[in-house]
Amino acid sequence: MPHTFTGRTLVEAHRAAEASLGDDFVVLDTRRVKKKGVAGWLGAAQFEVEAGVQVEDARPTRAAARPAGATASAAPTLAAPRAFSPSAYAEGHAAAAEITRLHREVRAMRALLYRMQKQPSRVEGELKQLRRAMGTLHPRGGGKHQVARWLEESGIDGAVADQIADALRGTRGNLDRLREVYRDALSEHIHVGRWPQTRGDRPQLVAVVGPPGVGKTTTLAKLAGRALADGEANIAFITCDTFRVGAIEHLARFAEMMGAPIAVARDIEALHRAAASSDADIVFVDTAGRGPEGDDACEAGLADPQGWGCRERHVLLCLDASTRAADTEALSGRYRPCAPTALAITKLDLTATPGALLHGPASTSLPVSTLADGPRVPEDVAPATAGRVLEHLAPRARAEDDPS
């Protein structure tokens, strides 16, 4: 006669059967059942094993089981007992592990809700992050999901992303209509400024500042090359980068190719002397990228108008196009003592998320004046216009946005 044994896992149920029936028990059936929890929630699961003892003498042979004169159909039949199934055993273990994981997640969710109740000031920010994350789960869904997808693809986050999403809330129409409204919302956050090489009545100084590796030297060489290509400007170079190995030689090669003189300034006073003594129409100044901190940092002298005499001053803060909102905030504070006049957004050709085109102006209150989108000198640099910036952020022709 079969008996039923229970346990929280299959192992426990099998051990119960073995303890009761001995080593010769045979598993007839295995199943997982759910115990009722509180109000139907968090009900625990257990496993039931139906087992019995196989008695070898109880199974009649064909000769003994058939009385004389009985037909074959009258012979009693016994179903073969179900042997222990390794696959069912493994599946039971997997199910038990999954249930344990769900219990842990429920406990973690309870703890999160408790923390949010204790710190209500964090709730709004966490909900905004959750909404943005949920918006990417259904990219072909409603308008708000499509906008979330476009913002993510453009690398736009932080306060600017929230403002654009709020501006498009409630927008109705097909995908083409939504795309146009989205581009209009982006345009509201685009700020462009004057190209630094516009010739005026006074000689000019064009300097680049920014973190190491952002492409300052190459951007400066591009600007100098464009100045030569666009007119008869007489140019000169000054480098303050005496810290990076090969930096002076790097800029010196560009100066040699353009037939321009180059001076090396190791401190603020040397920088001012070199600029004041130059008779060039435009003096291009390269910096080390260490920031304006320290007495020997030439960047700190760029904010002093007395050091340049009558020169018109352009100091470009260079930002990698893929820089996130939080990083532009940090860089804005670090280079504020240099008193930059505009932004140069670099490496536009190396990223599909050029969010710095919007994060930069939002964090620094400076316009974008220069776009660098390739390694060629001087071809891959251009004045920033609203149309060019918008095309980098939201190109009109994108195959992945085609709903067909």
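For this structure, a couple of remarks:
- Residue ID - most open to solvent (accessible area, probe 1.4 Å), chosen from residues in the range 298-321 that are at pLDDT below 90 and assigned to a loop (DSSP other than H, G, I, E, B): C310
Conditions (1) open to solvent by 50 Å² or more (accessible area, probe 1.4 Å); (2) in contact (Cβ under 8 Å) with a residue 12 or more places away in the chain; (3) more than 21 Å from the chain's Cα centre (by Cα), marked per residue:
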| site | (1), (2), (3) |
| --- | --- |
| E153 | no, yes, no |
| G158 | no, yes, no |
| D162 | no, yes, no |
| A165 | no, yes, no |
| R169 | yes, yes, yes |
| N174 | yes, no, yes |
| E188 | yes, yes, yes |
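- Failed condition for C338, given (1) touching a His at 6+ places or on another chain (Cβ under 7 Å); (2) farther than 17 Å from I190 by Cβ: (1)
- Residues satisfying the stated conditions in the range 250-269, i.e. assigned to a helix (DSSP H, G or I) and in contact with a strand residue (DSSP E or B) (Cβ under 8 Å, 6 or more places away or on another chain): L251, A252, F254, A255, M258
- Of all residues in the range 7-22, those being touching a helix residue (DSSP H, G or I) at 6+ places or on another chain (Cβ under 8 Å), open to solvent by 70 Å² or more (accessible area, probe 1.4 Å) and either of a type in the set (S, T, Y) or modelled with pLDDT of 85 or more (or both) number 0.
- Leading residue by the ranking (most open to solvent (accessible area, probe 1.4 Å)) among those in the range 222-249 that are under 22 Å from H272 (Cα atoms) and in a loop (DSSP other than H, G, I, E, B): R244
- Filter result for T385 (closer than 21 Å to V160 by Cα and surrounded by 17 or more Cβ atoms within 10 Å (Cβ to Cβ)): no
- Lone qualifier among L350, L366, L357 - being at pLDDT 95 or above, open to solvent by 10 Å² or more (accessible area, probe 1.4 Å) and on the phi < 0 side of the Ramachandran plot: L366
- Only listed residue being under 17 Å from A394 (Cα atoms) and either modelled with pLDDT under 70 or part of a helix (DSSP H, G or I) (or both), chosen from L127, L137, L186: L186
- Which listed residue, of V206, V214, is in a strand (DSSP E or B), buried (at least 19 other Cβ atoms within 10 Å of the Cβ) and within 35 Å of the chain's Cα centre (by Cα): V206
- Restricted to the range 322-404, the set of helices (runs of 4 or more DSSP H) holding at least 1 residues that are among the acidic types (D, E) comprises 325-335, 386-393.
- Flag if L331 is open to solvent by less than 40 Å² (accessible area, probe 1.4 Å), closer than 16 Å to A384 by Cα and under 29 Å from the mean Cα position of the chain (by Cα): no
- Matching residues in the range 258-293 - criterion: being hydroxyl-bearing (S, T, Y), open to solvent by 30 Å² or more (accessible area, probe 1.4 Å) and closer than 17 Å to K216 by Cβ: none
The values are calculated or read from the model by the stated rules, or taken from the named source; none is laboratory data. Note that this is a predicted model, so its numbers are computed, not measured. Here the Cβ is made from the backbone with ideal geometry for all residues, glycine too, and neighbour counts use every protein chain on show. Side chains included, ligands, DNA and RNA excluded: accessible areas come from the protein's heavy atoms. Shrake-Rupley method; radii C 1.70, N 1.55, O 1.52, S 1.80 Å.
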